[in-house]
Structure formats: C-alpha cells, structure tokens
1. Quick check: is even one residue across the stretch 205-217 more than 26 Å from Tyr132 (Cα to Cα) and in contact with a Phe, Trp or Tyr (Cβ under 9 Å, 6 or more places away or on another chain)?
2. How many residues does the stretch 205-220 hold that are hydroxyl-bearing (Ser, Thr, Tyr) and over 11 Å from Asn238 (Cβ atoms)?
3. Name the one entry in Ala92, Ala50, Ala108 that is in contact (Cβ under 8 Å) with a residue 40 or more places away in the chain, in contact with a Ser or Thr (Cβ under 8 Å, 6 or more places away or on another chain) and not charged (D, E, K, R).
4. Based on this model, can you work out whether Phe284 counts as surrounded by 24 or more Cβ atoms within 10 Å (Cβ to Cβ) and touching a residue at least 40 places away in the same chain (Cβ under 8 Å)?
5. Collect the residues in the stretch 1-22 that are in contact with a Lys or Arg (Cβ under 7 Å, 6 or more places away or on another chain) and either of a type in the set (S, T, N, Q) or open to solvent by 30 Å² or more (accessible area, probe 1.4 Å) (or both), keeping them in residue-number order.
6. Among the candidates Ala246, Ala196, Ala236, Ala200, which residue alone is of a type outside the set (Val, Ile, Thr) and farther than 30 Å from Gly144 by Cβ?
7. For the stretch 237-250, check the following and say yes or no: at least one residue is part of a loop (DSSP other than H, G, I, E, B), closer than 14 Å to Trp218 by Cβ and either touching a Gly at 6+ places or on another chain (Cβ under 9 Å) or at pLDDT below 95 (or both).
8. Can Val257 be described as under 23 Å from Lys7 (Cβ atoms), open to solvent by 30 Å² or more (accessible area, probe 1.4 Å) and among the β-branched types (Val, Ile, Thr)?
Amino acid sequence: MNVNKVKLYDADPRVLTAFANTGVEFIIAVGNENLQTMAASPAAARQWVATHVQPYIPATRITCVTVGNEVFSSNDTVMMSSLLPAMKAVYAALGDLGLGTQVTVSSAHSVNVLATSFPPSSGAFREDLAEYIQPILDFHGQTGSPFLINAYPFFAYKANPGSVSLPYVLFEPNPGVRDPNTNLSYDNMLYAQIDAVYAAMKAMGHTDVGVRISETGWPSKGDDDETGATVQNAAAYNGNLMQRIAMNQGTPLKPNVPIDVYVFALFNEDMKPGPASERNYGLFYPNGSPVYAINAGSGSGGGSLNPYYTSMFSSSSKLAVSTTFLTERVILLLLLQAIVILLQS
C-alpha cells in the first residue's frame, strides 16, 4: 500500500519490531489508564519511555508519543487533571534519555472540546475545559508539538440530515458557506472545523501551535437511523479528502499550511460495541478484503486507489515499503499524509 507513516494507540513491540529499518514513521501512545501513574511518578514515565521508545530508535522511526485519547470526553476530573502532568513527564523522560529532539509529545481531543465551531472565526473552547486546555496549549507552544483533534463531519450529518448539506460534508461541489467575520468561504465542514480550532487557540493567546486532524472518516454501513452511512458516501468522503491532500491544500484561514489528516480506519472493527457504524469505518473487512476502492482523482498521482495495488501516488513521493496487514491496534498513514486507522479489537 506504499505506507510511510503508522500510528498506534499503544506501543506494541511486535509492530515496532516488524517495521524496523523500513523508513516508516510511527506515532505511539500512552493509554488513558496510565495517566494518573505517570502524572504522579516521573520514574514511571521514564520507565515507559525506556521500555517502549528507546529500544526501537533509530531502527524504527518513532516521531511522536500521544499521551491519552479524548480525555476531555469523559467526566473523570482526576484523569483530566492528570493529562498535562503526564504529558510533561513523558516529555521530560524523552529529554533525559536523549530523545527530546526526535520525538514530540501530544494528546488527541474530540472536536467536542469546542463550545462554538461556526462561524469558524468564532471558534471557542468550552468554558468548563479552559482551565485544562490553556496550559496544554502553553505546553504545545513551548515544545513545538501539534494540537490533535478527532473530527467527524459524519456525526453532524447523522444528527441533522435535513439541515446539513451532504455535498458540503463530502467535499463535493456545493455553494459553500461564508464566514461573515472574515469573509472567507468554506466548501466543506472539516476545513471549517480546523479553522474553528485555530480561532479557539488564538482566543487563548496562541497562534504558534499547529492543528492536526488525528482521526476523521466515514462509515460504509450503519443502523437504520444512521443516515448517510453508505459505501458510496464513505468512498466519496475518503477519496475526495485524499484528492485535496494530494494538492497540498490548506484551509481558507491557513491556505499555505497543507492539511495533515488521519483517515479512520484501516479495518472494520467487527467486534466493537455500539451503533453499526462503529463497526464499519474500515477500508478493509477483518479478513483483509477491501470494502471499497477510492477514487483519488487527479491530484499528484491520480487514478483509483486499489487498497492492494495503488499507483495513485507520484513516484517522487512513493516509499518502497512492503506491508503486512496487522491484527493489532494500528493506524497506517497512506502517503500524502492521509492516515488510516485500525483499532484493536
């Protein structure tokens, strides 16, 4: 699949060993269950880094550690309070072990940390989370690491299909919407959400932190009440998004900053609980057969993305990587910075 980046929700040694000397970049993760321990004990953070990072560098290119995932989506105030101290502890441990210049530290947040997302220029974080997010932004500004957001326009369409334009959320031709404060025009929801995060950060005094979409995607199947969850829409969303990535496109607010988007998911999670859509975000079925092919458009390579054999990427951007489909909790980043995620079953 010409994969050049991989993101894990853990730090599985089998995966990290398997990708040694391939040139593939890795993001690995500290689980939410470890935050309190690391926040309270720098030694625990150092031990984690010494076990899960240090042995694999430089053979395996680990470039980032995410500490926690969507911590602010819970009601656990102890975990919320532990997040930044745990991030700082991991960052300090990386520095102590001589890895601070190679590996950044971040955390992924749901787009629901925003209280306001439209118009994008009015983007603002929830007031109840300000006490946590402000110092986290300060940390990102000091360390040069990105602010990660999980954003799913599918949820907005599913909740209100009568009011939300399907072409607008699928990156298809539409009249777009205009931000009355900036006069910038948006032809898709994801870009509006990204710029809303930039506006929210600016309101907290930060224009020095980048935004990366750490999860986005569209399900190919859903329950009867999950409007829009179809193979056609999933192929359109991911395919149209990859076309834009191929063009190094930026958002209306940041036109010169190419979007950095992680596409969810590699495999359908057939044993995941919840609505049917939760089990149908994958490009592949659990047996490895493709759910659909993606039309990647003209972009930088053009053509149709066959999940097994692809020529959509330009020869200059290809990386000769032989991949094995893993049954781990893995995120594989397709070239052009579009990441495909596989959650552990």
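1. Yes, the stretch 205-217 contains at least one residue that is more than 26 Å from Tyr132 (Cα to Cα) and in contact with a Phe, Trp or Tyr (Cβ under 9 Å, 6 or more places away or on another chain).
2. Adding up the residues that qualify gives 2.
3. When all the criteria are applied, what remains is Ala108.
4. The answer is no for Phe284.
5. Listed by number, the residues that qualify are Asn2, Asp10.
6. Ala236
7. Checked against the condition, which is being part of a loop (DSSP other than H, G, I, E, B), closer than 14 Å to Trp218 by Cβ and either touching a Gly at 6+ places or on another chain (Cβ under 9 Å) or at pLDDT below 95 (or both), the stretch 237-250 yields no hits at all.
8. Yes; evaluated as a whole, the condition is true for this residue.
The values are calculated or read from the model by the stated rules, or taken from the named source; none is laboratory data. Values in this document were obtained by computation on a predicted structure and should not be read as measured data. When we count neighbours, we look across all protein chains shown, and the Cβ atoms used for this are built from the backbone with ideal geometry, even at glycine. Accessible surface is based on the protein model in full, side chains and every heavy atom, while ligands, DNA and RNA are left aside. Shrake-Rupley method; radii C 1.70, N 1.55, O 1.52, S 1.80 Å.
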